[in-house]
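Quick notes on the structure that follows.
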Amino acid sequence: MAPSIDWLIGFRAVQGLGALFISGLGLAIITEIFPCSERGRAVGIMGSVVSLGIALGPSVGGLLLGWAEWRILFFINVPLGLIASLLVAWVVPASERKKEKQHFDLLGALLALVTLSNFALGMTFGQSEGFFSASALSLLLLAAIALVSFLLVEAVNLFNNWLVFIVLTGGLLITPFFLERVKQYPTSKVGLLLAVSPVVSGLIAPLAGALSDRFGSRLICLIGLGVMIGGCLGISTLDAQTTEQDYVLRYLVFGTGLGLFRSPNDSTVMGAVPRERLGIASGLLSLSRTLGVNVGVSVIGAVFGALIANLAPGTDVAVAPPEAVVAGFQGSYRLAALILCVAVILTAVVKNQALLIKSMNFVSRKDAKTQRD
C-alpha cells in the first residue's frame, strides 16, 4: 500500500526486521533439537527448504507480474505469513530458557549498522556521481573504518559464508538483465530460469549434510567451493548465442557447488559452540549472510554497471545495448570466481572451527566479566 518510494523503503525495513528474527534463530533451533550425529543431515534439509523458497520466489513472482502489478508480490506474503505463524505456534517446540543473562553487544550492532548503511550509500553515490566524488569517498571511508572496528571488536571468522553470499546475491542481481536485455525472454520465463540454481542447491543440500557427518565438513566445503568456481567461470562464457540448455547446464553446476558448501559450513559453525551460545552463533551466521547480500548487491552491481558504461558511456543499465550487458555480465562472474578463490584459500589454510571456538570463548569471557561488574 506504499504511496511512494520512501514509504516502500520504510515498509521494507519493517519487513527486514521480521526476517531478522526468523533467519537468526532457525539454525539454533535445529542444532538444539538434533544430536551431533544427525546435525549435518538436519541442516541440509533446512538448506533444501531455504533453496526451495529462493527458487519459488523468482518463479512465482515472474508469473504474478505477468498478469498484475508489482504490489501483488507483497500482498501474497500476507496469507503466507499468517500460515507460517500458525505452523510455528503448532510445530516448533519451546526452548529451554537459560538462567544466565546474555550480554547484548550494543557496540558491535552499532558498528555493523554504520558499516552497512555507509557502504550502501557510498556505492550508490559512487555510481551516480562518480567514486571520486566527495560524497562517495567520505561514505566509503567511514564504512571502511567502521568495518575494521567491527572486526576488531567481534573477532569472528565467518568470511566464507560472507564471500559466498556476495557471489550468490550479486548473481541474482545481474542475471535478469542478461536474460531480459540480451535473450529477450519474458518475465515469467526469466523467473523459471532463475530457479535452476536454487532448486539444484536444495536437492544437493541434504546429501551434502550427510556427507559432512561422515567425511567431515572441511573436505565437502572445499569441493563445493571448487564446483562453484567452475560454475562461475562457465557462466562467464554465456553470450547472445547462448541456448537455454547452455544456461541450465552452467547454473546447474553452480547450484551443485552451493548445495555442497552451505550445509557443511553452517553445520561446522553451529557444532563448534556450546549449547548456551547457539542463538549467538546462529545470529552471526545470519549476520554474515546479511553482510554478503549488502556487499554483493553493491559491489557486483557497481562492477556490472562500470563494465557496461565502459562500452556504452552515459547509458543506463536498464536500456544498455545487448553487447554491453554481455560484457558486464561476463566480467562480473569472473570477479565472482575470484572472490570464491579467496574462500577456498581460507578453507584450506585456516581452521575455521578452532577460530570460531576461540572467538566464542572470548565472547563468553566478556559476558562473565560484565556480570561480575
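The values are calculated or read from the model by the stated rules, or taken from the named source; none is laboratory data. Predicted, not measured: the structure shown is a model, and the values here were computed from it. FYI the Cβ positions are ideal-geometry reconstructions off the backbone, even for glycines, and counts take in every protein chain you see.
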*Out of all the residues in the stretch 118-130, which are over 10 Å from residue 298 (Cα atoms), surrounded by 14 or more Cβ atoms within 10 Å (Cβ to Cβ) and free of Cβ contacts under 8 Å to residues at least 24 places away in the same chain?*
125
*In the stretch 288-314, what residues are modelled with pLDDT under 85, more than 13 Å from residue 126 (Cα to Cα) and in contact with a Phe, Trp or Tyr (Cβ under 9 Å, 6 or more places away or on another chain)?*
288, 289, 290, 291, 292, 293, 294, 295
*Inspect the stretch 223-239 for any residue being in a helix (DSSP H, G or I), assigned by TED's automatic domain parsing to the domain that holds residue 348, small (Gly, Ala, Ser) and in contact with a Ser or Thr (Cβ under 9 Å, 6 or more places away or on another chain) and give the result as yes or no.*
yes
_Selected residue [out of contact with any His (no Cβ under 6 Å at 6 or more places or on another chain), assigned to a helix (DSSP H, G or I), surrounded by 19 or more Cβ atoms within 10 Å (Cβ to Cβ) and touching a residue at least 60 places away in the same chain (Cβ under 8 Å)] from 287, 307_ = 287
*Restricting attention to the stretch 184-222, report how many residues are surrounded by fewer than 17 Cβ atoms within 10 Å (Cβ to Cβ) and either assigned to a loop (DSSP other than H, G, I, E, B) or on the phi > 0 side of the Ramachandran plot (or both).*
3
*Is it the case that some residue within the stretch 65-73 is of a type in the set (D, E, K, R) and over 30 Å from residue 176 (Cα atoms)?*
no
*asked:* Considering only the stretch 251-272, I want to know if a residue exists there that is more than 21 Å from the chain's Cα centre (by Cα) and more than 21 Å from residue 349 (Cα to Cα).
replied: no
*In the stretch 138-160, how many are part of a helix (DSSP H, G or I) and at pLDDT below 80?*
11
*Considering only the stretch 319-334, state which residues are closer than 30 Å to residue 144 by Cα and free of Cβ contacts under 8 Å to residues at least 60 places away in the same chain.*
327
*Can you name the number of the only condition in (1) surrounded by 18 or more Cβ atoms within 10 Å (Cβ to Cβ); (2) out of contact with any Gly (no Cβ under 9 Å at 6 or more places or on another chain) that residue 318 fails?*
(1)
*asked:* I'm trying to understand the selection: among the residues of the stretch 183-193, which are touching a Leu at 6+ places or on another chain (Cβ under 7 Å) and not aromatic (Phe, Trp, Tyr)?
replied: 187, 188, 190, 191, 193
_Checking residue 314 against (1) under 25 Å from residue 119 (Cα atoms); (2) among the small types (Gly, Ala, Ser); (3) part of a helix (DSSP H, G or I), the condition it does not meet_ = (3)
*Out of curiosity, is residue 296 within 22 Å of residue 344 (Cβ to Cβ) and either under 19 Å from the mean Cα position of the chain (by Cα) or part of a loop (DSSP other than H, G, I, E, B) (or both)?*
yes
